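Beneath this line is the structure, given in structure tokens, with notes to follow.
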Amino acid sequence: MKPVRKVVIPVAGHGTRVLPATKSTPKELLPLVDRPLIDYVVNEAFEAGIEHVVLVTGRGKGAIDDYFDHAFELEAGLEAKNKTDILDSVRRVIPKAGAMSYTRQQAPLGLGHAIWCARDIIGDEPFAISLPDVVIDAGPGCLKQMVGEYEKSGGNIIAVEEVPREATNKYGVVAPKDAVNGPLFEMSGMVEKPAPEDAPSNLAITGRYILQPEIFGLLETTPRGAGGEIQLTDAMDALMKQQSFFAYVYDGVSHDCGDKLGWLKANIALGLKRPEFADALKSFIREQV
Ligand code: UTP
């Protein structure tokens with residue numbers, strides 16, 4: 001079984017749900033406490049043993065490339081002022097030379113199309129996908145947990161989490177093949193935003209995937225689906241008919257930072273976890289309510 005060595009992180013969307021914040025700043029660079037969203041997912045991937053990150057970028061997203069590169073004047077200035085801690089924090093994010101590739105999605109035709117744009121860089125091996133606006137607070141990281149499961153199960157795996165039954169109409173929900181009796185189970189299908197009474201489970205798809213390369217051939221022929229976009233879900237549905245497909249209930253908490261309220265909540269949740277901010281932030285919140 002080939003190992004999972006690469007992750008695709010699509011960053012070419014317009015981030016319309018968080019406009020106007022994303023009018024001239026990529027959504028993936030919105031700050032979460034003191035690091036941009038993309039920093040969290042790239043770190044999570046390297047922690048999982050991933051060797052190569054493929055960013056699918058688009059127009060107006062150049063600042064993301066710069067984030068992962070040296071900023072010589074800034075670094076020289078910090079060095080001259082002996083600000084070693086800050087200097088370390090800006091250098092820490094730069095990956096090993098050659099460990100990051102960029103490909104371009106010329107128009108945001110959907111998540112499925114963005115992933116398809118990475119086909120030549122991925123080649124004929126299993127790979128991970130991480131959506132950068134879903135930040136998962138977990139230790140070990142969600143992708144590391146999934147790679148551990150993949151080494152035992154093979155096939156395709158998508159991360160899921162429990163959501164309240166009455167909220168299934170906001171998510172993609174998985175249908176288990178048999179009774180669920182552990183964190184990893186085989187799936188028989190997925191349903192987009194089902195009404196609670198029609199939902200096959202209360203387990204929602206969460207923005208982390210390990211897929212086999214056959215997905216690319218299926219994406220190639222996937223017609224435009226919901227919203228006129230080429231949907232990854234449609235191609236995964238087709239792949240499920242050919243290969244084993246698992247859902248994995250990861251251990252952790254996700255934050256949807258592609259949504260204004262989700263992003264605000266994530267800043268508070270992760271801010272409260274930082275010892276240097278926790279007490280002051282708690283008192284501030286108490287004063288406000
Ligand atoms: P989203 O649907 O959350 O991002 O896709 P979006 O389209 O930017 O956001 P809204 O819905 O307009 O607010 C998840 C990830 O997939 C990327 C996005 O950049 C985001 O990181 N994506 C989405 C692409 O790269 N290309 C696309 O065509 C669509």
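A compact table of results
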quantity	calculated
Fewest-first sequence of K23, K6 by Cβ atoms within 10 Å of each Cβ	K23, K6
Positive-end extreme of charge dipole, the stretch 84-183 - chosen from C117, S130, V174 (charges on Cβ)	C117
Residue order, fewest to most surrounding Cβ atoms within 10 angstrom, among M1, M100	M1, M100
Given charges at beta-carbon only (K, R positive; D, E negative), |dipole| of the stretch 223-281 in Debye	40
14 Å beta-carbon shell around V180, net charge (K/R +1, D/E -1)	-3
Virtual paramagnetic centre 7 Å along Cα→Cβ of K273, amide N under 11 Å, in the stretch 118-137	135-137
Distance in nm between pseudo-label sites at A71 and Q288 (7 Å out along the Cβ direction from Cα)	2.6
Projected label distance in nm at V253 and E125, using a 7 Å step from Cα toward the beta-carbon	3.6
Least to most buried among C142, C117, C257 (fewest other Cβ within 10 Å first)	C117, C257, C142
Additional length obtainable on full extension of the chain from K177 to E192, 0.36 nm per residue less Cα span	3.7 nm
Within straight-line cross-link reach of K260, lysines at Cα separation under 29 Å, skipping those fewer than 8 residues along the same chain	K23, K27, K61, K144, K170, K193, K273, K282
Charge dipole (debye, nearest 20) of the stretch 90-228; +1 at Cβ of Lys and Arg, -1 at Cβ of Asp and Glu	620
Contour minus Cα-Cα distance for K23 and I94 (0.36 nm per residue)	23.0 nm
Student exercise, the stretch 16-118 dipole from Lys, Arg, Asp, Glu Cβ charges, in Debye to nearest 20	480
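Here, each number is a calculation from the coordinates, and none is a lab measurement. Not measured: the values here are computed from a predicted model. Quick reminder, even Gly has a Cβ in these numbers, built from the backbone with ideal geometry, and neighbours come from all protein chains shown.
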